[in-house]
Every structure is written in structure tokens, then in C-alpha cells.
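Shown next, in C-alpha cells, is the structure this report addresses.
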Amino acid sequence: GAVVSQHPSWVICKSGTSVKIECRSLDFQATTMFWYRQFPKQSLMLMATSNEGSKATYEQGVEKDKFLINHASLTLSTLTVTSAHPEDSSFYICSARDAASGSSQETQYFGPGTRLLVL
Amino acid sequence: QQQVKQSPQSLIVQKGGISIINCAYENTAFDYFPWYQQFPGKGPALLIAIRPDVSEKKEGRFTISFNKSAKQFSLHIMDSQPGDSATYFCAPGVTGGGNKLTFGTGTQLKVEL
């Protein structure tokens, strides 16, 4: 149980285009999902917290107009990188918390990640 | 984000040996202390986690030791195996503060035959 998927697993795009990444909780409902970015051989940096039915909360230094987050249902959150540039090339990882009562509210289940390369 | 520092940065252990990774944090509001394992090109996976009301927790070959006064917690991997070779992250969080995790700097473990 507690599986999180991401699509696509990797994407290559031209500079200036927009890219959408999907994060789905497959066997549980998630009122809260998180988006992270990880550069090679570095740690995960939290970008934003995505709450179902409300606006995302962005971490300091993350441009909300560049990284658009939508959490339209209890099982799906999307991250759109708008007008992508080579410096946006990174590994983007989402995580989700199980909203069911009785579940460990602290546990975050991570997706497999999406590798973005902007040429 | 508050800094969370891990040591060592990298570690080589012989098969069957004990791997020890330490995590030091600053934020005294943290009340959830997990360790994650990440293989190259994959997302992190939860290994083991502890709450501050206990000083030690063991699950199989993995043990967390927690020292609240020193603001440190550690991961011990007993009988280390080549399949344990991965990057390990501590990621303490505040359960009442949106459950955000703050990932540590990471430790690359290699277990040699």
C-alpha cells in the first residue's frame, strides 16, 4: 500500500516551453502533497506544500508564478514549470500524506521522481 | 529552512559491519525524526522513524538512537549488506506545522564485499 506515482519519469524540453508533472496517490487519499527539487548529489529541497482545494504554500525563494501547483483532487497534484530554462533542469520529487484517520499523519510517501532536462 | 547536518558525508563499510550515520539539528520544535533511504534515480523511501518520547527504536537491522538534549539522532545499520549501498537522509519535521520535513545533507553509504 501507500504508493505514489509520477508522470512522466523523465522529460526533455526546449528552453521557454512549459512542462507539467503529475503526482498521484494510487491507493490512498492525500489532502496534502509536497513538491521537492533535488540537484545531482545534493539533498532534497522543499519547494511547496500543496493542499487539496486551496492554494499552494511556497517556500522562501521559490517563484510561485514559475512553478504552478494545482491540487484539484485528493489523489492528484500537478507541478507546471513555466517558461523552463536550463537552470530548471533537476530531479523533481513529490510526496503525499495519507489523509485517513488512524494513519500515521507524519509519514510522507515519496514518488519515484521526474527528471527534467531543459535544452 | 533550519539546517540539518549529517555526518559523515560518505562512508565505506565492510559486509557484515555496522554503519553509523549521525544527524544534528537546530530546531527544537522538531518532534518527528525519520531516516530515508534513496537509491540513484529513485525517490526516497522511509526506513525508520522515532518520536521524541523514546530514546531508541529498532526495526530489524535498523536502529535509531535519539539524544534530545544534544539535538542529535543517529541511524545504525547492523550486519550491513551490499544492497544497503545508497544515500541516507535524516529528515526531521514538526507534526503540528504542516508536517514539513527538513532533509539533511545526506550520507552516501557503500558496503563492500
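The values are calculated or read from the model by the stated rules, or taken from the named source; none is laboratory data. None of the values given here were measured: they were computed from a predicted structure. Every residue, glycine among them, receives a Cβ derived from its backbone with ideal geometry; neighbour counts consider all protein chains shown. Protein only, heavy atoms only, side chains kept; ligands, DNA and RNA dropped before computing areas. Shrake-Rupley method; radii C 1.70, N 1.55, O 1.52, S 1.80 Å.
Quick notes
- Scan of the stretch A:9-25 for residues that are of a type outside the set (A, V, I, L, M) and open to solvent by 30 Å² or more (accessible area, probe 1.4 Å), ordered by number: A:S9, A:W10, A:K14, A:S15, A:G16, A:T17, A:S18, A:K20, A:E22, A:R24
- Scanning the stretch B:94-107 for residues that are more than 7 Å from chain A (Cβ to nearest Cβ) and surrounded by 15 or more Cβ atoms within 10 Å (Cβ to Cβ), we see that the one that is nearest to B:Y32 (Cα to Cα) is B:V94.
- Residue match in the stretch B:12-20 (condition: open to solvent by less than 30 Å² (accessible area, probe 1.4 Å), within 12 Å of another protein chain (Cβ to nearest Cβ) and either in contact with a Gly (Cβ under 9 Å, 6 or more places away or on another chain) or under 15 Å from B:S85 (Cβ atoms) (or both)): no
- Test: residue in the stretch A:50-64 that is touching a strand residue (DSSP E or B) at 6+ places or on another chain (Cβ under 6 Å) and more than 14 Å from every other protein chain (Cβ to nearest Cβ): yes
Each row is one residue, and each column tells you yes or no for (1) within 10 Å of chain A (Cβ to nearest Cβ); (2) of a type in the set (V, I, T); (3) surrounded by 12 or more Cβ atoms within 10 Å (Cβ to Cβ).
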| position | (1), (2), (3) |
| --- | --- |
| B:C23 | no, no, yes |
| B:A45 | yes, no, yes |
| B:I50 | no, yes, yes |
| B:D53 | no, no, no |
| B:R61 | no, no, yes |
| B:G83 | no, no, no |
| B:P92 | no, no, yes |
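Residue-wise test of (1) over 13 Å from the mean Cα position of the chain (by Cα); (2) closer than 16 Å to A:S43 by Cβ.
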site: B:N22; (1), (2): no, yes
site: B:P34; (1), (2): no, yes
site: B:F39; (1), (2): yes, yes
site: B:V54; (1), (2): yes, no
site: B:G60; (1), (2): yes, no
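- Here A:K41 clears all of (1) within 25 Å of B:T95 (Cα to Cα); (2) at the interface with another protein chain (Cβ under 9 Å from one of its Cβ atoms) except the condition numbered (1).
- Unmet criterion (only one of (1) crowded, with 17+ Cβ neighbours inside 10 Å; (2) away from every other protein chain (no Cβ under 11 Å); (3) part of a strand (DSSP E or B)) for A:F28: (3)
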